[in-house]
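In what follows, a structure is listed as structure tokens, so that the remarks can point back to it.
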Ligand SMILES: *[C@@H]1O[C@H](CO)[C@@H](O)[C@H](O)[C@H]1NC(C)=O
């Protein structure tokens, strides 16, 4: 996340690349006419960058562009459908969305295909998307779950604990068993894997709909004061109260790795030192006083960030 944030703050440095930057793409005749009559005239501008795509597109909604793709047409289309982001890829593709949960900033020279609708503009490339952001659009609320593509879009994720205050390290999280992993039924919690821990492979978490899964196990509802627990027992129906939300940590409210929410909260996770587990740092949902496994005052409040597994 650190490097992602740094990449985002360097947006201003990179926008003056070979791409044609459109200061007022909505000031096209057909839009101007309808805007003038009933709205206060506003200066609508976009910022733009070139991003690496992951195969399934990083923006979810595709639109056909009559007359051929171009920045003016694609941004106008996305705007007319109420989206704040417009992405041009592989020359002819126009994609729209309100939030971009994944995407890696690339050099502008990567987005090298000319636009079919305007040969003076560039429209991405293979797995490269030029993303325009409407600076007049309302950013998505950090309190609302992200709906992106479909219910299995967030299936390969690495979870990372980010301290809410101070400058502590970003800590990668794992599915750690609380009984021997060799048992037919295993129980896991979200935790850290200190040096020497044998479970270093178990860091791929996925959201299937609103159920977060870890190592083929499903979650119990969060229990105030306890670790977030999972079971591999097939008779247990996974608690469907999880979702990704826009990250308030990102310098850009439209773009960033999402935060993990449960029961409506991204803000109740903590990292606590588990005294009975050799001082391992476990994720706890809303720590309480007088818990047998940790001391509340020594817990550190964290966000749980969802980053792509790769
Ligand atoms: C602490 O470790 C024990 C034993 O592994 C485990 O059962 C418990 O869930 C852990 N975490 C907390 C917060 O109690």
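FYI, it's all coordinate maths here, none of it is from the lab. Predicted model only: the values in this text are computed from it and were never measured. Don't worry about glycine lacking a Cβ; one is built from the backbone with ideal geometry, like all the others, and counts go over all protein chains shown.
Taking 7 Å along the Cα-to-C-beta vector as the label spot, tell me the residue 197-residue 167 distance in nanometres, rounded to one decimal.
Rounded to a tenth, the inter-label distance reads 2.5 nm.
With an 8 Å cut-off on Cα pairs and a minimum separation of 6 or more residues, tell me the relative contact order of segment 37-134 in percent.
Taking the mean separation of contacting Cα pairs over the length of segment 37-134, I get 38 percent.
Measure nothing fancy, just the Cα-based angle from helix 29-38's long axis to the longest principal axis of the chain, in degrees from 0 to 90, nearest 10.
70 degrees
Between rounded, prolate and oblate, where does segment 139-206 land on the alpha carbon gyration tensor, with a ≥ b ≥ c its root eigenvalues, rounded for a/c under 1.5, else prolate if a/b exceeds b/c?
Oblate.
Taking the beta-carbon count within 10 Å as an exposure proxy, list 81, 293 from fewest neighbours to most.
Going from sparsest to densest Cβ surroundings: 81, 293.
Using the Cα gyration tensor of segment 39-163, with a ≥ b ≥ c the square roots of its eigenvalues, what is the shape: rounded (a/c below 1.5), prolate (a/b larger than b/c) or oblate (neither)?
Cα axes put segment 39-163 in the oblate bin.
What is the calculated FRET efficiency for residue 114 to residue 152, with r their C-beta to C-beta distance and R₀ = 25 Å, to the nearest 0.05?
Efficiency for this residue pair is about 0.15.
Let me know the volume per residue of the alpha-carbon convex hull for the chain, in Å³.
Residue-normalised Cα hull volume stands at 152 Å³.
Could you line up 115, 193, 145 from fewest to most neighbouring Cβ atoms inside 10 Å?
Taking fewest neighbouring Cβ atoms as first place, the list is 145, 193, 115.
Please find the FRET efficiency linking residue 224 to residue 52, where r is the Cβ-Cβ separation and R0 is fixed at 35 Å, and quote it to the nearest 0.05.
FRET efficiency, residue 224 to residue 52: 0.30.
Ranking 304, 155 by Cβ neighbours within 10 Å, fewest first, what do you get?
Least crowded to most crowded, the residues run 155, 304.
Going by average Cβ density within 10 Å per residue, which order do the peptides 122-130, 251-259 take, highest to lowest?
122-130, 251-259
Helix 71-80 sits at what angle to the longest principal axis of the chain, using alpha carbons and giving 0 to 90 degrees rounded to 10?
Helix 71-80 sits roughly 60 degrees off the main axis of the chain.
How far is the Cα center of segment 92-171 from the Cα center of segment 201-234, in Å?
The distance from the Cα centre of segment 92-171 to that of segment 201-234 comes to 27 Å.
Considering Cα pairs under 8 angstrom that are at least six residues apart, work out the relative contact order of segment 147-296 and quote it in whole percent.
Relative contact order comes out at 19 percent.
What percent does the relative contact order of the chain come to when contacts are Cα pairs within less than 8 Å and at least six residues apart?
16 percent
If each DSSP helix of 4+ residues adds -39,500 (n - 2.57) and the sum is divided by the residues in the chain, what number results at 222 nm, nearest 500 deg cm²/dmol?
Computed ellipticity for the chain at 222 nm equals -3000 deg cm²/dmol.
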